[in-house]
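Everything on this sheet refers to the single structure shown next.
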Amino acid sequence: MEDLPPKPRVVLALLIINIGRVVLVDELADEVWGDRPPATAVTTLQTYVYRLRRMFGRQGGPELLTRPLGYELVGEPSDVDMYRFVEHVTLARRDAAPEAVAASAQSALDLYQGEPFADVRPGPRIRAQRERLAEMRMCANELLILSGITTGRHREAVEQLRPLVRENPLNELLNGYLIFSLAAAGRRQDALGVYSVLRDGMIEELGLDPCEPLVRLHRQVLSDGDLTLPFADTR
């Protein structure tokens, strides 16, 4: 998309999101201009599409067809990394064996290279797709980490969890997995420290204590007792 101005980038992004399906002219106009499209919106979109077709022609790209009510980027969802990412996350959710979960989740994360459509000024549809993909990325991370924990790879789980907890300091699931993994790896004082930081942050920002599964895990770490992995049944 490097050579495209901002508005044609929006058009291309929405066509990619809907590859193999017709995108209505009204949807494109709403994504590009919001609720105040210019009187020339239809002809301007035609110009953008013409520019995209020229770009595809130079690069040997996909075919962009005019349909009665809009435009269609011809192709299969599997042609787009975004949809392959979604497929791998779906497989990870369905798999039962930890090794299969880990393989699918890792394949998904390998396809997630930076924020989707980072160089596009998003309208409501692109913004919603970004948010959906970000949630699925978090899900893939959680499944990958959970598969490691359930197979005893606690130190590896700690390494994976640290940056995620820094990004999401009040996420109880991630903190719970980190506390459990640290304690299971013999680092109970570090685990208690993570709980303390989480509790202080929740009280200060939300006015809430950690949830009961985390309180229970905290008691287990304090008493040097057997550990119960919190949220393991929420997958």
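In deg cm²/dmol and to the nearest 500, what is the mean residue ellipticity at 222 nm of the chain if only DSSP H runs of at least 4 residues count, each as -39500 (n - 2.57), divided by the residue total?
On the way: 10 runs with 152 residues, N = 235.
Estimated from H runs of four or more residues: -21000 deg cm²/dmol.
For the range 159-235, just say rounded, prolate or oblate: build the C-alpha gyration tensor, square-root its eigenvalues into a ≥ b ≥ c, call rounded for a/c under 1.5, and beyond that prolate if a/b exceeds b/c, oblate if not.
On the way: a/c = 1.40, a/b = 1.26, b/c = 1.11.
Judged from the Cα gyration tensor, the range 159-235 comes out rounded (a/c under 1.5).
Once ligands and nucleic acids are excluded and a 1.4 Å probe is used, how much of R84 is accessible, expressed in Å² to the nearest 10?
In the full protein context, R84 sits at about 90 Å².
L192 to R21: extension gain in nm, 0.36 nm per residue of separation minus the Cα-Cα distance? Kindly include the intermediate steps, with their values, before the conclusion.
Details: separation 171, 0.36 × 171 = 61.56 nm, distance 5.16 nm.
Length difference between fully extended and current span is 56.4 nm.
Is the shape of the range 21-91 best called rounded, prolate or oblate, per the rule: a/c under 1.5 gives rounded, else a/b larger than b/c gives prolate, else oblate, with a ≥ b ≥ c the square roots of the Cα gyration tensor eigenvalues? Present the calculation step by step, with values, prior to reporting the outcome.
On the way: a/c = 2.49, a/b = 1.50, b/c = 1.67.
Since a/c reaches 1.5 but b/c is at least a/b, the shape of the range 21-91 is classed as oblate.
Under the classification rounded if a/c is under 1.5, otherwise prolate if a/b is larger than b/c and oblate if not, where does the range 145-202 fall, given a ≥ b ≥ c as square roots of the Cα gyration tensor eigenvalues? Numbers along the way, then the final one.
Working: a/c = 2.22, a/b = 1.41, b/c = 1.57.
Taking the square roots of the gyration eigenvalues as a ≥ b ≥ c, the range 145-202 is oblate.
List every residue whose amide H lies under 5 Å from the amide H of G70, counting only residues 5 or more places away in sequence or on a different chain, with H placed 1.01 Å from N in the peptide plane.
Amide H neighbours of G70, under 5 Å, 5+ apart: V25.
Take the alpha carbon atoms of the range 174-195, find their center, do the same for the range 69-138, and report the distance between the two centers in whole angstrom.
31
Ordered by residue, what ³J(HN,Hα) values in Hz, to whole numbers, does the range 146-155 give under the Karplus form 6.51 cos²θ - 1.76 cosθ + 1.60, where θ = phi - 60° and Gly and Pro are x?
Per residue, the Karplus-derived 3J(HN,Hα) values read 4, 5, x, 5, 5, 9, x, 8, 6, 5 Hz.
Got a number for carbon plus sulfur as a percent of the chain's accessible area, 1.4 Å probe? Don't skip to the answer; put the middle values down first.
Working: 6280 of 12680 Å².
About 50 percent, which is the carbon plus sulfur part of the accessible surface.
May I ask you to give the solvent-accessible area per residue for the chain, in square angstrom, as obtained with a 1.4 angstrom probe? Don't skip to the answer; put the middle values down first.
On the way: 12680 Å² over 235 residues.
Result: 54 Å² per residue.
Residues in the range 1-38, backbone N under 15 Å from the label point at R127 (7 Å along the Cα-to-beta-carbon vector): list them, ranges by number please.
Flagged as within label range: 30-36.
Can you give the accessible area of R125 in Å² (nearest 10), computed on protein heavy atoms with a 1.4 Å probe?
Number for this one is 90 Å².
In whole Hz, what ³J(HN,Hα) sequence does the range 101-108 give by Karplus (6.51, -1.76, 1.60; θ = phi - 60°), x for Gly and Pro?
In residue order, the calculated couplings are 4, 4, 5, 5, 5, 5, 4, 5 Hz.
The values are calculated or read from the model by the stated rules, or taken from the named source; none is laboratory data. Quick caveat, the model's predicted, so the values are computed rather than measured. Reconstructed Cβ throughout: ideal geometry from the backbone, glycine too, with neighbour counts over all protein chains shown. When the accessible area is computed, the model is the full protein with side chains, heavy atoms only, and any ligands, DNA or RNA have been set aside. Shrake-Rupley method; radii C 1.70, N 1.55, O 1.52, S 1.80 Å.
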